[in-house]
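The values are calculated or read from the model by the stated rules, or taken from the named source; none is laboratory data. Owing to the predicted nature of the structure, the values given are computational and were not obtained by experimental measurement. Cβ sites come from the backbone with ideal geometry, for glycine too, and all protein chains shown count toward neighbours. For accessibility, only protein heavy atoms count, side chains too; no ligands or nucleic acids. Shrake-Rupley method; radii C 1.70, N 1.55, O 1.52, S 1.80 Å.
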Amino acid sequence: MKNTLFRTATALAVMIPTLFMAGQSQAEDLSAAEAFYDGNTINWIVPYSPGGGYDEYSRLIIPYFEKYTGARVRLQNNPGAGGMRGANDIYRAPKDGLTVGIVNGSALVTNQLADIEGAIYEFENYGFLGRMVADQRVLAISTTGEFDTIEEMLEAGSTFKIGATGLGGSTYVDALVAGELFNLDQDIIHGFDSSSVIRQAMLRRDIVGMWGSYGSAIQDVEDGMQKIVLQSGQERTDAIPDAPTVLELAERMQVGDEKMAVLRAWQGLNDVGRPVVTPPGIPADRLAFLQRAFEQAMNDPEMIEEAQSSGRDLTFANGERMAQIATDAAVMPESAEAFFVEAVAGGI
């Protein structure tokens, strides 16, 4: 027993200085990164036009991100190709830690699965600061249109138009998935630059509705211009008690095992949500510093209060957790993966 205690004590005596030195080294690394960012300028890329949900979420967090990094943050809108242009711009930016951006995670995953032309990124290789929100996806329709409920849309006597951004974007894929799951008689009009442009088309009654995040739709819902008729998830949220969930509708319609596998994969993609990322390969100490600053910003009481007052949901995940969510989303049954590949490519 004495020898055992001696060996344990000796091991601890060796470990404690080692752990102290490791902690000291990490603190020194973060201190060097802090000095690098102090007064420097970070370019924050939004892959959509001003006025949409991604733009508004970015404007919400940027003052707090500046607070915890000590840097100036310059917002840059790089719209195009359903968000892919901006995502590519982030991916190929200099690896100095001075470029970050918010991206549509589910669309990037499906574009990569489908090997869609123009996607130069590998999603899992981004540096992940974390996630701002997991998308609660909704089908919003105009309150002045011909429909009031999803049931009326299911029973439509003629084809109706649904708006979407670029081929492969989440608004497009959502519409395709819902159409296939529930046999909706719809015509998807894609190519809009942003969700805000689609909303204008809804006001003109050029289209019936669009899929998107609840955060992007909430203002128009509160203003009485839109209503939600279908929502993602397994249970109705308190904010949308009258709209059925896609799972609820699928079970009611008895869609079958293959379609249910697609629905569950779809939900996994929605969980990816809106992560904030860096180019791959930035210095490890700078990535760690930015991850810490992002977490501090997301947990800042003033920011949380501001998000609540503006109706913006926050479902924070840190960088490590976000990287795992991204990996999990890309693993799906072969039949479901084949469906999404064909959907993104426009084959459905």
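Quick check: with the 1.4 Å probe, what order do 31, 309 take by accessible area, largest first?
Result of the area sort, largest leading: 309, 31.
What number, in percent, do you get for the relative contact order of the chain if the mean sequence gap of Cα pairs under 8 Å and at least 6 apart is divided by its residue count?
27
Take the alpha-carbon centre of the stretch 128-198, take the same for the stretch 75-89, and report the distance between them in whole Å.
Answer, in whole Å: 21.
Show 67, 161 ordered by accessible area, largest first, where the area counts protein heavy atoms only and the probe is 1.4 Å.
I get 67, 161, largest accessible area first.
Accessible surface of residue 185 in the full protein assembly, 1.4 angstrom probe, to the nearest 10 Å²?
Surface open to solvent at residue 185 totals about 70 Å².
Name the aspartates and glutamates eligible as straight-distance cross-link partners of residue 161: C-alpha to C-alpha under 12 Å, and not fewer than 8 places from it in the same chain.
Qualifying aspartates and glutamates at Cα under 12 Å: 146, 185, 187, 206.
Please identify, among 127, 256, 52, the residue showing maximal mean-square fluctuation in a Gaussian network model of the chain using a 10 angstrom Cα cutoff.
256
Over the chain, give the accessible area per residue in Å² for a 1.4 Å probe, as an integer.
Dividing the accessible area of the chain by its residue count gives 45 Å².
Write out the trypsin sites (Lys or Arg not before Pro) in the stretch 73-138 meeting two conditions: DSSP loop, and at most 15 other Cβ atoms within 10 Å of their Cβ.
Those that pass, being in a loop and sparsely packed, are 92, 95.
Could you check how much of the accessible area of the stretch 143-267 is carbon and sulfur, as a whole percent, using a 1.4 Å probe?
43
Let me know the charge dipole size of the chain about its Cα centre in debye, to the nearest 20, where only the beta-carbon of Lys, Arg (+1) and Asp, Glu (-1) is charged.
1120
Given the protein chains as shown and a 1.4 Å probe, how many square angstrom of residue 260 are accessible, to the nearest 10?
Residue 260 has an accessible surface of roughly 20 Å² with all protein chains in place.
As a test, work out the antiparallel percent of DSSP beta bridges whose residues both lie in the chain, rounded to the nearest 5.
55
Please sort by residue number the GluC sites (Glu not before Pro) in the stretch 179-258 whose DSSP state is loop and whose Cβ has at most 14 other Cβ atoms within 10 Å.
Qualifying residues, ordered by number: 235.
What does the extension gain come out to for residue 254 and residue 143, with contour length at 0.36 nm per residue minus their alpha carbon separation?
Result for the pair: 37.1 nm of gain on full extension.
How large is the convex hull of the C-alpha atoms of the chain per residue, in Å³?
Cα convex hull per residue, to the nearest whole number: 167 Å³.
Which trypsin sites (Lys or Arg not before Pro) in the stretch 170-277 sit in a loop by DSSP (not H, G, I, E or B) and have at most 15 other Cβ atoms within 10 Å of their own Cβ?
When the trypsin sites (Lys or Arg not before Pro) of the stretch 170-277 are filtered for loop state and at most 15 Cβ neighbours within 10 Å, 204, 205, 236 remain.
In whole angstrom, how far apart do the alpha carbon centroids of the stretch 34-72 and the stretch 214-285 sit?
Their Cα centres are 26 Å away from one another.
Ranked highest first by average number of other Cβ atoms within 10 Å, how do 299-305, 278-284 line up?
278-284, 299-305
Leaving out ligands, DNA and RNA but keeping every protein chain, what accessible area does residue 167 have, in Å² rounded to the nearest 10, with a 1.4 Å probe?
Number for this one is 70 Å².
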